[in-house]
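Presented below is the structure to which this report refers.
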Amino acid sequence: MPVKIRLARHGRKRYAYYHIVVADSRAPRDGRYIERIGSYNPNTNPATIDLNNDKALQWLANGAQPTDTARAILSYKGVMMKKHLLEGVKKGAFDEAEAEVRFQKWLEEKEAKIQAKKDELAGIKA
């Protein structure tokens, strides 16, 4: 059973929001899914993403393939970076502690970028 991490559309016309789900690739887009791991609301600025990182990482490790949009969301939240670092640990390039240090550094830089965008938007409103 090929498993995908993808988006399931919800909401009204022209005001959609999405659930991030793990589903069989043969299931319909908004149909049956195995597990819901988050939500994505593109209607806010910046877009609101709620994601269970541990569940997403677990599904990726088990072989679930994200769609293009889901991959972009997982990358934005750092799940793909964490997976990449864990692969490096598995290959012996560095240890678990070094991977955690690198991930925390990346996460701090990402948070700074997001906060800068929020500040910029607040400045434009004022």
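Odds and ends about this structure:
- Taking the inverse of the mean 1/r over every pair of distinct Cα atoms in region 3-125 gives a Kirkwood hydrodynamic radius of 15.9 Å.
- Summed side-chain charge close to Leu85 - residues other than Leu85 whose Cβ falls under 13 Å, Lys, Arg +1, Asp, Glu -1: +1
- Phi-based couplings in Hz for region 9-19 (Karplus 6.51, -1.76, 1.60; Gly and Pro marked x): 7, 9, x, 8, 4, 6, 8, 7, 9, 10, 9
- Summed residue charge, Cβ within 15 Å of Asn41's Cβ, Lys/Arg positive, Asp/Glu negative: +4
- Rounded to the nearest 20, the Cβ-based charge dipole of region 65-126 about its Cα centre (Lys and Arg +1, Asp and Glu -1) stands at 260 debye.
- Region 6-92: trypsin sites (Lys or Arg not before Pro) in DSSP coil with no more than 15 other Cβ atoms inside 10 Å: Lys13, Arg14, Arg26, Arg29, Arg32
- Secondary structure note: in the chain, about 90% of the DSSP beta bridges are antiparallel.
- Residues Lys125 and Asn62, FRET efficiency given R0 of 30 Å [Cβ-Cβ distance, rounded to 0.05]: 0.10
- A Cβ-based charge dipole, computed about the Cα centre of the chain with Lys and Arg at +1 and Asp and Glu at -1, lands at about 780 debye.
- Summing charges over neighbours of Ala64, with a neighbour being any other residue whose Cβ is under 12 Å away from its Cβ, gives +3 when K and R count +1 and D and E count -1.
Quick note: the coordinates plus some simple rules give every number you see, no bench work behind them. Quantities reported herein were computed from a predicted structural model and do not represent experimental measurements. Here Cβ is always computed from backbone atoms with ideal geometry, including for glycine, and neighbour counts include all displayed protein chains.
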